[in-house]
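*Asks:* Pasting in a structure now, in structure tokens, and then I'll have a few things to ask.
The values are calculated or read from the model by the stated rules, or taken from the named source; none is laboratory data. In this text the structure is predicted, and so the values were computed from the model without any measurement. Positions of Cβ are generated from backbone atoms using ideal geometry, with glycine treated the same way; all protein chains shown enter the neighbour counts. Keep in mind that these areas ignore ligands, DNA and RNA; they rest on the heavy atoms of the full protein, side chains included. Shrake-Rupley method; radii C 1.70, N 1.55, O 1.52, S 1.80 Å.
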Amino acid sequence: MKFEYHVEKVKLGGLVTPNLDEITSEWLDQFGSHGWELVQVLQLVSAGGGTTASQVYFYFKRPKP
């Protein structure tokens, strides 16, 4: 079986900070309804200049048609 992959990146930090609580089951259900399965979540954090910023990556996969 062959798969295709999709990555969603959410940036955190800065003046306007998205809240990970906004990543709801409805958001995930939208991907699931298109056949995407969440396989990993990875957070990368960087610090500098007195601030901390991070990015969260959501990795999805689904079988290729």
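*Asks:* Report every pair of residues separated by at least 6 positions or lying on different chains whose Cβ atoms are under 6 Å apart, first residue within the stretch 23-47 and farther than 14 Å from residue 7 by Cβ and of a type in the set (A, V, I, L, M, F, W, C), second open to solvent by 90 Å² or more (accessible area, probe 1.4 Å) and outside any loop (DSSP other than H, G, I, E, B).
*Replies:* none
*Asks:* I would also like to ask the following. Within the stretch 30-41, is there a residue that is surrounded by 13 or more Cβ atoms within 10 Å (Cβ to Cβ), modelled with pLDDT under 90 and in a strand (DSSP E or B)?
*Replies:* No, the stretch 30-41 contains no residue that is surrounded by 13 or more Cβ atoms within 10 Å (Cβ to Cβ), modelled with pLDDT under 90 and in a strand (DSSP E or B).
*Asks:* When the residues of the stretch 12-29 are filtered to those that are open to solvent by 70 Å² or more (accessible area, probe 1.4 Å) and of a type outside the set (A, V, I, L, M), which remaining residue is modelled with the highest pLDDT?
*Replies:* Applying the filter and picking the extreme gives 29.
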